[in-house]
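Student: Just dropping this structure here.
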Amino acid sequence: MTFQRFLLRRALMVIPLMIGVVFITFMLVRIGGLDPVGRLAGPTATQAEFDSIRNNLGLDQPLWKQFSIYLGNVVRGDLGESWLSNRSVLTDIKERAVISLELLFWGVGIGALVGVPVGLRAAFRPNGRFDQFTRVLSLFGFSIPTYWLALVMIFVFFYLLGWSPPAIGRMSLLVTPPDMITGSYLIDGVLTARWDAARSAASQLILPVICLAIVSAAPIIKQTRAIAIEVLSSDTVRYAHACGLPERNVRKLVLRNSAVPILTYIGTEVTGLVGTMSLIEYVFAWGGLGQYGLNAIISGDFTAVQGYVLVLAVFSVLVFIVIDFVVYLIEPRSELS
Amino acid sequence: MTLLKVEDLHTHFISRDLDNQICIAKALNGVSFSLEAGRVLGIVGETGAGKSLTAQSIVGLLRPPAKIVAGSVRFEGRELTDMPDAELNRIRGNNIAMVVQNPRTSLDPLTRVGDQLVRLHQIHSGGPKTASHKRALEMMEAVGLPDPESRAKSWPHELSGGMAQRVLLAMALMNSPKLLIADEPTTGLDVTVQAQILDLLRSLVARFDMATLIITHDLGVVAHFCNDIAVMFGGSIVETGSVRDVFAAPAHPYTRNLIAATPERFQMGRAKALGGQPPDLYNLPSGCVLQSRCAYATELCQTTVRNAEVAEGHFALCHYAGRLEEQPAVKINA
Ligand SMILES: Nc1ncnc2c1ncn2[C@@H]1O[C@H](COP(=O)(O)OP(=O)(O)OP(=O)(O)O)[C@@H](O)[C@H]1O
Ligand code: SF4
Ligand SMILES: [Mg+2]
């Protein structure tokens, strides 16, 4: 199957899923007890003002009608305007998505770069000293609450040691952000040769990235270890030993046969980091999508919440398409399914 | 020189239980046999008897908690039990080839069949790649895989069970082994395919002149295929000898039952059908391992049994070997 056809089939499969996601978030937001009208109107509003706001927002229409209008807009690529800021939700999300993706990329990237080799090494000698040591470490990574870890890191590295800049967002207040190209200060700084901006962006990134790396590495270590141990005890590896394959070749075999399940796991993990991302962004005042979503939920900004959830769903689907494709590259025997 | 000589091999599973007490499962208890070049030895026995474990112990494929605690395995005069892995790796897949039970899951799923054959040849025999490639095609031809050129390009998951087993046979032949160990090579295949694979195996053994150790549940396979037989029970070889001798005059009660329990064509006695629990390896009785299941057992059977030679080259591990008929009347499992 060609890649184009694969993409097409995937897209067709995804459409009903997306409609479902839109429907469920739409309904959940509305029955969730959030009251945007009260917030917009303020404490001194009269009943008439209430009614007119409700009418403006279309909240007096029956639910099915509200939904069909919204769905029609979404299909045309219009996620509506935020009721609180009157800004276009899609524009807001686009800007912030890059910011969050940058953090996610470095955090999970480093988490995987550390976690996968560590997990493999632990698997090659289960219950050995290294394995026991990493088990304690990853238990720590599992049990630590994300926001607490973030706060402690700020306390230690900014307040006590002074090694890192204050957690006030993505760039020092003293540096002018570079011209916008991609939306990532680091990349834009490098592209426009604004080294001061790139350096400031990088040093702001360090703490939240480490924080995310720690939180995401723990499950990666655990899964990688489990996957590799399973491969090590498989018929394939047994037979490889029986054929006298040298240790080096056997390790390569184990690596190749573990790659796909590990990758798939990392993909699942990435799509499941939504909550973690929101917390880290909040603590570090990151201003990305996670923080945006959290704010939208807290303030009952219906259109923003709906847009946020929809974008997350699209993101998950994209991640899995990418993984399918990478698996296809690693594992030529598999069909794109 | 004897090609393979296994002497008094003891393999145990050593683990710790919840109270951190050491537990020992005595899975092999003094296995001895030898195999001359060009001979075919069949090991039979019920499930759990230790047949596969014997094969794994020979080629050093035990995994913890299994461990050889005593005994020796000599292959061409070299001791294998204390050989370092790197050196063993030069023998495995090369001088000693193995054919295993689950061919489809045993092949590397991410490598084309032909490449696996070439890789195996390169690792052990070296030489130019083109020569390995040529050899791979020859061996695929020899094991009766149609159209080797295109088969070499298939992935393991595209093969049927029978074809995969043929590929494993081709793998085994790649480096012209002196000893072939086949652990239940036909279990899990269709009955008709089983027969084909066995016929193929037999012709290959003759053609390539390999000593062969074949592990099976099936006495029929032994009768048609092997020169010698070793009957295993509870981690011991209870009877061994040439196939002709053992089938004509089984000297051990267990062998008699085994033969009686197989279809008529092998039926030579009228002993009771097989039955009963396998012995508890963590807690073996003193004396004969069969005593709780043996119709001939007496008090004497609780004492250490020695291998008795009932005829030349025909041994049985029983106090009453060779004189079961005249065995005294004090039976305890009557
Ligand atoms: N980890 C373990 N701990 C204790 N005993 C074990 C362990 N693994 C296997 N055994 C025992 O070792 C014995 C020998 O097993 P083996 O696989 O050699 O049997 P087998 O004769 O090949 O049987 P089958 O015909 O089913 O293949 C069995 O009784 C089994 O219960
Ligand atoms: S030694 Fe005794 S128990 Fe064991 S097989 Fe012989 S007669 Fe039976
Ligand atoms: Mg077995």
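The values are calculated or read from the model by the stated rules, or taken from the named source; none is laboratory data. Just so we're clear, the structure is a prediction, and the values are computed from it rather than from any experiment. FYI the Cβ positions are ideal-geometry reconstructions off the backbone, even for glycines, and counts take in every protein chain you see. Ligands, DNA and RNA are stripped out before the accessible areas are found, and what is left, the full protein with its side chains, is counted by its heavy atoms. Shrake-Rupley method; radii C 1.70, N 1.55, O 1.52, S 1.80 Å.
Student: Go through the range B:80-103 and give me each residue that's within 16 Å of ligand 1 (Cβ to nearest atom), farther than 11 Å from residue A:241 by Cα and in contact with a strand residue (DSSP E or B) (Cβ under 8 Å, 6 or more places away or on another chain).
Tutor: So in the range B:80-103, the residues within 16 Å of ligand 1 (Cβ to nearest atom) come out as B:98-103.
The next check asks that each one be farther than 11 Å from residue A:241 by Cα; those that pass are B:99-103.
If the condition is that a residue be within 16 Å of ligand 1 (Cβ to nearest atom), farther than 11 Å from residue A:241 by Cα and in contact with a strand residue (DSSP E or B) (Cβ under 8 Å, 6 or more places away or on another chain), then B:99, B:100, B:101 are the ones that fit.
Student: Could I ask something else about it? Looking only at the range B:185-204, count how many residues are in a loop (DSSP other than H, G, I, E, B) and crowded, with 19+ Cβ neighbours inside 10 Å. Walk me through how you get there before you give the answer.
Tutor: Taking the range B:185-204 as the starting set, the residues that turn out to be in a loop (DSSP other than H, G, I, E, B) are B:185-190.
Keeping just the survivors that are crowded, with 19+ Cβ neighbours inside 10 Å gives B:185-186, B:189.
Residues that pass the stated criteria total 3.
Student: Now a separate question. When the range B:74-123 is examined, which residues are found to be facing chain A (nearest Cβ under 8 Å) and among the polar types (S, T, N, Q)?
Tutor: Scanning the range B:74-123 gives B:89, B:94, B:102, B:105, B:106.
Student: Continuing with the same structure: Hey, among the residues in the range B:99-117 that are open to solvent by 10 Å² or more (accessible area, probe 1.4 Å) and of a type in the set (Val, Ile, Thr), which one's nearest to ligand 2 (Cβ to nearest atom)?
Tutor: Among them, the one singled out is B:100.
Student: Of all residues in the range A:57-70, which are under 34 Å from the mean Cα position of the chain (by Cα) and loosely packed, with under 14 Cβ neighbours inside 10 Å? Before the answer, list the steps.
Tutor: Just the residues of the range A:57-70 that are under 34 Å from the mean Cα position of the chain (by Cα), to begin with: A:57-59, A:63-70.
Across the range A:57-70, the qualifying residues are A:58, A:63, A:64, A:65, A:68, A:69.
Student: Here's another thing I want to ask about it. Only one of these conditions is not met by residue B:147: (1) free of Cβ contacts under 8 Å to residues at least 12 places away in the same chain; (2) open to solvent by less than 10 Å² (accessible area, probe 1.4 Å). Which number is it?
Tutor: For residue B:147, the exception is condition (2).
Student: Exactly one condition in (1) more than 12 Å from chain A (Cβ to nearest Cβ); (2) surrounded by 14 or more Cβ atoms within 10 Å (Cβ to Cβ); (3) closer than 19 Å to residue B:176 by Cβ; (4) modelled with pLDDT under 95 is not met by residue B:137; state its number.
Tutor: (4)
Student: Could you grab me the full set of residues in the range A:246-273 that are within 26 Å of residue A:328 (Cβ to Cβ) and not in a helix (DSSP H, G or I)? Give the derivation first.
Tutor: Here is the first cut: in the range A:246-273, the residues within 26 Å of residue A:328 (Cβ to Cβ) are A:249-273.
Passing the criteria: A:272, A:273.
Student: Moving on. Determine whether the range B:157-167 contains at least one residue that is touching a residue at least 40 places away in the same chain (Cβ under 8 Å), open to solvent by 10 Å² or more (accessible area, probe 1.4 Å) and assigned to a helix (DSSP H, G or I). Quick ask: steps written out before the conclusion?
Tutor: Keep residues of the range B:157-167 that are touching a residue at least 40 places away in the same chain (Cβ under 8 Å), which gives B:157, B:159, B:161, B:164-165, B:167.
Then keep just the ones that are open to solvent by 10 Å² or more (accessible area, probe 1.4 Å); that gives B:157, B:161.
Among the residues that remain, those that are also assigned to a helix (DSSP H, G or I) are: B:157, B:161.
Within the range B:157-167, one or more residues are touching a residue at least 40 places away in the same chain (Cβ under 8 Å), open to solvent by 10 Å² or more (accessible area, probe 1.4 Å) and assigned to a helix (DSSP H, G or I).
Student: In the range B:101-136, which residues are under 28 Å from residue B:184 (Cβ atoms) and aliphatic (A, V, I, L, M)?
Tutor: If the condition is that a residue be under 28 Å from residue B:184 (Cβ atoms) and aliphatic (A, V, I, L, M), then B:107, B:110, B:113, B:117, B:118, B:120, B:123, B:136 are the ones that fit.
Student: So, one more: Quick one: is residue B:43 open to solvent by less than 70 Å² (accessible area, probe 1.4 Å), assigned to a strand (DSSP E or B), within 13 Å of ligand 1 (Cβ to nearest atom) and under 21 Å from residue B:210 (Cβ atoms)? Quick ask: steps written out before the conclusion?
Tutor: Details: open to solvent by less than 70 Å² (accessible area, probe 1.4 Å): yes; assigned to a strand (DSSP E or B): yes; within 13 Å of ligand 1 (Cβ to nearest atom): yes; under 21 Å from residue B:210 (Cβ atoms): yes.
Spelling it out, residue B:43 is indeed open to solvent by less than 70 Å² (accessible area, probe 1.4 Å), assigned to a strand (DSSP E or B), within 13 Å of ligand 1 (Cβ to nearest atom) and under 21 Å from residue B:210 (Cβ atoms).
Student: Scan (1) closer than 19 Å to residue B:96 by Cβ; (2) at pLDDT below 95; (3) away from ligand 3 (no atom under 16 Å from the Cβ) for the single condition residue B:26 breaks and write down its number.
Tutor: The one condition residue B:26 does not meet is (1).
Student: Also: From the list A:266, A:280, A:262, pick out the single residue that is in contact with a Cys (Cβ under 7 Å, 6 or more places away or on another chain), open to solvent by less than 50 Å² (accessible area, probe 1.4 Å), within 30 Å of residue A:148 (Cβ to Cβ) and more than 9 Å from chain B (Cβ to nearest Cβ).
Tutor: Working: A:266 fails: in contact with a Cys (Cβ under 7 Å, 6 or more places away or on another chain); A:262 fails: in contact with a Cys (Cβ under 7 Å, 6 or more places away or on another chain).
Residue meeting the stated conditions: A:280.
Student: Say whether the condition of being open to solvent by 20 Å² or more (accessible area, probe 1.4 Å) and within 14 Å of chain A (Cβ to nearest Cβ) is met by at least one residue in the range B:19-39.
Tutor: No, that holds for no residue.
Student: Could you tell me how many of the residues in the range B:291-320 are farther than 17 Å from residue B:30 by Cβ and among the acidic types (Asp, Glu)?
Tutor: 2
Student: So, one more: Any idea how many residues of the range B:169-206 are more than 16 Å from ligand 3 (Cβ to nearest atom) and touching a residue at least 12 places away in the same chain (Cβ under 8 Å)?
Tutor: 22
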